[in-house]
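Let me begin by presenting the structure, written as structure tokens, before commenting on it.
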Amino acid sequence: MVQLYATAMSRRQIEARCGQLAQFAGVRLVTLDDGLERGIRMLEFRSGTGLRFTVLVDRAMDIAECEFRGYAVGWHSPAGFRHPGLHEYEGEGGLGWLRSFSGLLVTCGLDHILFMHDSPADNYVYKPRQKVQHSIHGRVGTIPARLGGYGERWEGERCFLWAEGVVSQGTVFGEHLELHRRIEIEAGTNDIQLTDRVVNRGFYRTPHMLCYHMNIGYPVLDEGARYLAPIQDVVWAAHADSYRAQGVGYQRMPAPQMGFHEQVWQHEMKADAAGLVPVALVNDRLGIGVEVTTRKDQFPCQYQWQNLQAGQYALGLEPSTNHVLGEGGARERGELIWLEHGDERHYDTRIRILAGEEDIFRSEQRIRAISPQPLDDYPPVSGCFVPLSGRGASERHEGQGGAA
């Protein structure tokens, strides 16, 4: 049954009330046609609950806009949803990525995340390429996808809205990685399922790193909004040498600030019995929140990004394959993932809108049952980066193709 407008309805009952499901819910493909967005293909999802979100096919199938019953959820930066043809990956000393940084989900990877880094390129066996110059957060987020399909699927009396595609990051004498992405939501729910598979299609041994930059904006982010997470340890803070200088701790958010310098934290999270890690930002005053659930074995690391500067007001929930030490640190510690031809990694993530006090209460209870988080807004920073195991390929599927 599909839950629509406080009523559980069968497919027959729904079809009796409309000429098309699109009256209530659906997926449609549109093309943006003005300004710096011109030419971008976009999928618009509506789940029938008041949840609407858009997927930028031509930007790695990332989630751009997200709103729930009139409340904006996803962050819009001054950069906007810029067409990838305007992007200069190596511009501004590697910071050109920031001119394409906007939306609820920005994917970082596939062979590099975090700050700029020059990596040795001997694995590519090409003498003129002595190093790989990486800009901040990698290349994948501005690569168009090959759209595999989208639409609605009925399973008995349940209806699912879906889209899938493949993003190819490749070059001659270098990496050839593919991101196979599927986005799905059951009609009548507020749970977005994100399923990714990263495959090495090349025949060079290739590094792999992945991070989701999930960015929440006003009004979910507002003065008094709370960050909830099963934190066992606060590992690192970018501002540890001036911990209290800006008067902003990790747990409660202030109103937009003037002259604010971004703050980034890494927290060591505890997983539940199923290996899941839920993290949330909630606004008790409005009765709305966002919960992101990942798998600890897929994303062992979690960052919290605070960009509370006026005009750029955002909070980021960031699951990651690697510590905030970056690619250099991963190489030194033997924690960089290496993929041979046909090797792949899987990532299963749920983005859930918390719709009301009861949803917020249940999410908080679930998180606190896994691990109580520090009560102090400025908990001590341990500097203890837990060793990451399983850095080889998780699976190998020779010759497998198509979307996930």
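The values are calculated or read from the model by the stated rules, or taken from the named source; none is laboratory data. Computed from a prediction, not measured in an experiment: that's the story for all the values here. FYI the Cβ positions are ideal-geometry reconstructions off the backbone, even for glycines, and counts take in every protein chain you see.
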- [ ] Give the residues of the range 136-191 that are among the charged types (D, E, K, R) and either under 28 Å from Thr49 (Cβ atoms) or under 16 Å from the mean Cα position of the chain (by Cα) (or both), sorted by residue number.
- [x] Arg139, Glu152, Arg153, Glu155, Glu157, Arg158, Glu164, Arg181, Arg182, Glu184, Glu186, Asp191
Open item on the list: If Thr54 satisfies all but one of (1) more than 20 Å from the chain's Cα centre (by Cα); (2) not in a loop (DSSP other than H, G, I, E, B), what's the number of the condition it fails?
Closed with: (1)
Task: Condition check for Arg12: over 21 Å from Val140 (Cα atoms), assigned to a helix (DSSP H, G or I) and of a type outside the set (S, T, N, Q) - done: yes
- [ ] Filter the range 66-120 for residues that are over 30 Å from Tyr5 (Cα atoms) and of a type in the set (D, E, K, R) and give the result.
- [x] Arg82, Glu88, Glu90, Glu92, Arg99, Asp111, Asp118
TODO: Mind listing whichever residues of the range 1-54 are over 18 Å from Ile351 (Cα atoms), of a type in the set (Phe, Trp, Tyr) and crowded, with 20+ Cβ neighbours inside 10 Å?
DONE: Phe24
- [ ] Report the residue count in the range 288-333 for those that are within 28 Å of Tyr218 (Cα to Cα) and out of contact with any strand residue (DSSP E or B) (no Cβ under 9 Å at 6 or more places or on another chain).
- [x] 2
Task: Filtered residues of the range 203-217 (kept if surrounded by fewer than 19 Cβ atoms within 10 Å (Cβ to Cβ) and in contact with a strand residue (DSSP E or B) (Cβ under 7 Å, 6 or more places away or on another chain)) - done: Arg205
TODO: Would you be able to tell me the number of residues in the range 253-299 that are at positive phi and out of contact with any helix residue (DSSP H, G or I) (no Cβ under 7 Å at 6 or more places or on another chain)?
DONE: 2
Task: Pick from the range 351-385, criterion touching a Gly at 6+ places or on another chain (Cβ under 6 Å) and part of a helix (DSSP H, G or I), ranking: surrounded by the fewest Cβ atoms within 10 Å (Cβ to Cβ) - done: Glu357
Task: Residues being on the phi > 0 side of the Ramachandran plot, in contact with a strand residue (DSSP E or B) (Cβ under 7 Å, 6 or more places away or on another chain) and surrounded by fewer than 18 Cβ atoms within 10 Å (Cβ to Cβ) - total across the range 118-169 - done: 2
Task: the range 59-98 - residue that is outside any loop (DSSP other than H, G, I, E, B) and among the small types (Gly, Ala, Ser) and, of those, modelled with the lowest pLDDT - done: Gly91
Task: Single match in Arg331, Arg345 (criterion: surrounded by fewer than 17 Cβ atoms within 10 Å (Cβ to Cβ) and either of a type in the set (Lys, Arg) or closer than 20 Å to Gln302 by Cα (or both)) - done: Arg331
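Residues checked against (1) within 30 Å of Leu388 (Cβ to Cβ); (2) modelled with pLDDT under 95; (3) out of contact with any strand residue (DSSP E or B) (no Cβ under 9 Å at 6 or more places or on another chain):
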| residue | (1), (2), (3) |
| --- | --- |
| Asp222 | no, no, no |
| Asp241 | yes, no, yes |
| Tyr250 | yes, no, no |
| Ala255 | no, no, yes |
| Lys270 | yes, no, no |
- [ ] Kindly list, by first and then second residue, each pair from a residue in the range 251-271 that is farther than 23 Å from Tyr218 by Cα and free of Cβ contacts under 8 Å to residues at least 60 places away in the same chain to a residue that is basic (Lys, Arg) and in a loop (DSSP other than H, G, I, E, B), limited to pairs with Cβ atoms under 7 Å and residues at least 6 apart or on different chains.
- [x] none
TODO: Might you check whether a residue that is touching a residue at least 24 places away in the same chain (Cβ under 8 Å), within 22 Å of the chain's Cα centre (by Cα), assigned to a helix (DSSP H, G or I) and surrounded by fewer than 17 Cβ atoms within 10 Å (Cβ to Cβ) occurs anywhere in the range 99-113?
DONE: no
Open item on the list: I need the full set of residues from the range 284-328 which are among the hydroxyl-bearing types (Ser, Thr, Tyr), buried (at least 23 other Cβ atoms within 10 Å of the Cβ) and closer than 29 Å to Tyr124 by Cα, in order please.
Closed with: Thr321
